[in-house]
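Read-outs: derived from the displayed coordinates by stated rules, not from any lab. It should be emphasised that the depicted structure is a prediction, and the values quoted were computed from it without experimental measurement. Cβ coordinates were reconstructed from backbone atoms using ideal geometry, including for glycine residues, and neighbour counts include every protein chain displayed.
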Amino acid sequence: MLNTLDGAWVERLVLGLRPVVEEHGLALGVARAGDPDAVPAGPGEERLLRDMLPVRRREFTAGRCAARRALVRADLPAGEILSEGRRPGMPPGSVGSITHSADTAVAVVAPRRRYRALGIDLELHPLPGEAARLVLSADERAWLNDTAGDAGEAEWRLLTAFSAKEAAFKAFSSLLAPTQAPTMLRGVALRPVPDGFRARPRRLPGPVLHVTVRPVGPGVLTWTAAPHVL
């Protein structure tokens, strides 16, 4: 687990990626668990917090804080952020996505008039090698194993693929009907491309999303944005 100093370092690294994230009209916000601004924004968020365990409460409030900071940066309404199923219910006129890792929350938002869905994921810890069979298909595992015995490269590929699938999974859950959206990460098909992956629902020809990958210290930040015309 990262300590407070490390958390500040991670926050700086993520904020250093703002120019890359925001060059296509997105906005990025970051908050850490325990941040003074990480408090409910109204009675709706208070109600959502009532039945949460303390760890989940800290994640939730940090994530909403990060999202509101992104909304302010995008000059969008920044009121309460409730829930739509497992997704954050963004204020009218906006779309967004939130991720948490090691007490750091990151959010990306954009105007709804420009984007249909967003997905973001932050991973700061490596995955055990056996996770590959739970996350990757046979063809993706072949790509993972094509590393000439370099254990570090294989570990990095697994982490980036897992994170990219998480980001795409979030976007597909908004873009597609429940009967079409992937229900698990193996339902997202990846193809490596420069600076990230192309992702699509494994059982459908599309939509196809570009997932950008950037290192954050030992971890990775991934994000994707689905414009109104794919």
> Out of V39, V30, V21, any idea which swings most in a Gaussian network model of the chain, alpha carbons joined below 10 Å?
Replying inline: V39
>> Relative to 2.2 N^0.38 Å, what does the C-alpha radius of gyration of region 168-230 come to as a ratio? Two decimals please.
In response: 1.12
> Stokes-Einstein D for region 122-227 at 37 °C, 0.692 mPa s, Kirkwood Rh over Cα pairs, in µm²/s?
Replying inline: 238
> Where is the GNM fluctuation largest for the chain (alpha-carbon springs, 10 angstrom cutoff): R50, R202, R69?
Replying inline: R50
> Can you tell which of P201, L124, V220 lies farthest toward the positive end of the dipole of region 122-227, using +1 and -1 charges on the Cβ of basic and acidic side chains (Lys, Arg; Asp, Glu)?
Replying inline: P201
> In the neighborhood of D103, defined by Cβ-to-Cβ distances under 11 Å, what is the net charge if each Lys or Arg adds +1 and each Asp or Glu adds -1?
Replying inline: -2
>> Can you compute 3J(HN,Hα) from phi for each residue in region 15-32, using the Karplus curve 6.51 cos²θ - 1.76 cosθ + 1.60 with θ = phi - 60°, rounded to whole Hz and x for Gly and Pro?
In response: 5, x, 8, 3, x, 6, 5, 8, 5, 10, x, 8, 9, 10, x, 9, 8, 10
> At 222 nm, what helix-only mean residue ellipticity would the chain give, in deg cm²/dmol to the nearest 500, using -39500 (n - 2.57) for each DSSP H run of four or more?
Replying inline: -11000 deg cm²/dmol
> Under a 5 Å amide H to amide H cut-off, with H placed in plane at 1.01 Å, what residues pair with L82 once short-range neighbours are removed?
Replying inline: G89
> Quick one: putting +1 on the C-beta of Lys and Arg, -1 on the C-beta of Asp and Glu, what dipole do you get for region 4-113 around its Cα centre, in Debye to the nearest 20?
Replying inline: 200
> Once the principal axes of the Cα atoms of the chain are found, what is the range along each, listed largest first in whole angstroms?
Replying inline: 52, 41, 35
> What net charge do the residues around L159 carry, taking every other residue with its C-beta under 15 Å from that of L159, with Lys and Arg at +1 and Asp and Glu at -1?
Replying inline: -4
